Amino acid sequence: MRREKRLLLISANTLADPCPVYPLGLSYLKTYLSNKLEWLEIKIADMNLLSLSGLESEIKEYSPDWIGISIRNIDGANSLDMTSFIPGYSRIMSAVRSCTSVPVIMGGAGFSIFPERLFQLLAPDYGIVGEGEESLRQLIVHLNQKTNITLGDEVDRFKQIEGLISKETGGVELNPHSKYLNSLNLQFDDKLSDFYWERSGMLNIQTKRGCCYNCIYCSYPIIDGRCVRTLDTDLIVGTLEKLYRDKGINYVFFTDSVFNIHNSYNVELAEKIIRSGIKINWGAYFSPHNLTDDILSLFRRAGLKHIEFGTESLCTSQMQRYGKNFTIEDVLHCSEMAFKYNIFYAHFLILGGHW
């Protein structure tokens, strides 16, 4: 039985190098909105599985009342291939506009880095910068109830939606985020999880959002904010158990900007994973500091299989210029600990940094 209204969420990302990445943000959105708005039916359309003509057919068949488009990447971050993804997003917008006139809402990590410029270039009806779940809920409720946007009080309430960009806000973000969520359930889409598990050998999940560090080059504080909020460990472990027991998925990546923030929380999460009895492996981004032998040993027992260190340089003075708060001695020590516990690790490096 059809619900009262429909929302189609489009994952515009098609980058598959080195492997395709599950559209996690849309699953968080879908789970949150499904729990909050019982009258709203939601479907995800993934451009890794659809052609433009396939997307048009999907829109015509589903007949949504609103369309959301998630922009994950602006380019491939590859100095040997400077191709911009924006023309591809423009083609997706053109395909959407060719078969429906319903409002289009844009968001995602890539959009949040350049919101005003992308709002101008891609011309959605609305955009949401940063954490999207509650802001999108408020926007959908507003659009569902809207009768006359010209009413002064209604416009003022509308403009107060955090992270919102629209024609009514002058194409700029008037009300940046000040409130964040810290308890998020997550349900994976079965079809999509099968696709990404088969092609990449892992799925992804968050344990925390936000980054408190001050690396001069990084966009994570722009995307997620500087306020670090840890998510409910019971909900995370419940999701991992479901993936493991129902789908046989035994490898995930924690997509936190830096995993080893708030280690008391991380210890709680690791201990609950161990108590759950699931044999699931995981990896994450780490900073090469704020780690002890005992903590890394616990993480290994909880399934930590690989670490991606955000090191960026092997020179302490250059690290300091990048805004890092660790030294080459920290890098070597953390590497030695990872080797000790048979944890695969890699260090990201920025070559040719300014002196």
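The values are calculated or read from the model by the stated rules, or taken from the named source; none is laboratory data. Since this is a predicted model, take the numbers as computed values, not measurements. Positions of Cβ are generated from backbone atoms using ideal geometry, with glycine treated the same way; all protein chains shown enter the neighbour counts. Ligands, DNA and RNA are excluded from the accessible area calculation, which covers all protein heavy atoms including side chains. Shrake-Rupley method; radii C 1.70, N 1.55, O 1.52, S 1.80 Å.
Some points to look at:
- Among residues of region 35-61 being outside any loop (DSSP other than H, G, I, E, B) and acidic (Asp, Glu), the one that is surrounded by the fewest Cβ atoms within 10 Å (Cβ to Cβ) is Glu61.
- Residues considered: Lys272, Lys279, Lys305. Of these, the only one that is open to solvent by 20 Å² or more (accessible area, probe 1.4 Å), assigned to a helix (DSSP H, G or I) and out of contact with any Leu (no Cβ under 7 Å at 6 or more places or on another chain) is Lys272.
- Criterion (open to solvent by less than 10 Å² (accessible area, probe 1.4 Å) and aromatic (Phe, Trp, Tyr)) met by exactly one of Tyr28, Tyr32: Tyr28
- Selection within region 27-84 - free of Cβ contacts under 8 Å to residues at least 60 places away in the same chain, more than 20 Å from Asp224 (Cα to Cα) and among the aliphatic types (A, V, I, L, M): Ile42, Ala45, Met47, Leu50, Leu52, Leu55, Ile59, Leu80, Met82
- Close contacts from region 327-355, counting a first residue that is open to solvent by less than 60 Å² (accessible area, probe 1.4 Å) and modelled with pLDDT of 95 or more and a second that is of a type in the set (Gly, Ala, Ser) and assigned to a helix (DSSP H, G or I), with Cβ to Cβ under 8 Å and a gap of 6+ residues or different chains, come to Tyr341/Ser297; His347/Ser335.
- Single residue of Asn266, Asn250 found to be in contact (Cβ under 8 Å) with a residue 12 or more places away in the chain, polar (S, T, N, Q) and open to solvent by 30 Å² or more (accessible area, probe 1.4 Å): Asn250
- With respect to the conditions (1) part of a loop (DSSP other than H, G, I, E, B); (2) under 22 Å from Leu24 (Cβ atoms); (3) of a type in the set (S, T, N, Q), Ser112 falls short on a single one, namely (1).
- Some residue of region 214-232 being surrounded by fewer than 18 Cβ atoms within 10 Å (Cβ to Cβ), out of contact with any Gly (no Cβ under 8 Å at 6 or more places or on another chain) and more than 30 Å from Ile71 (Cα to Cα): no
- Evaluation of Met106 against (1) within 30 Å of Gly248 (Cα to Cα); (2) open to solvent by less than 30 Å² (accessible area, probe 1.4 Å); (3) not aromatic (Phe, Trp, Tyr); (4) not in a helix (DSSP H, G or I) (one fails), failing number: (1)
- Subset of region 166-191 (residues that are closer than 26 Å to Tyr22 by Cα and either surrounded by fewer than 14 Cβ atoms within 10 Å (Cβ to Cβ) or in contact with a helix residue (DSSP H, G or I) (Cβ under 7 Å, 6 or more places away or on another chain) (or both)): Leu181, Asn182, Ser183, Leu184, Asn185, Leu186, Gln187, Phe188, Asp189, Asp190, Lys191
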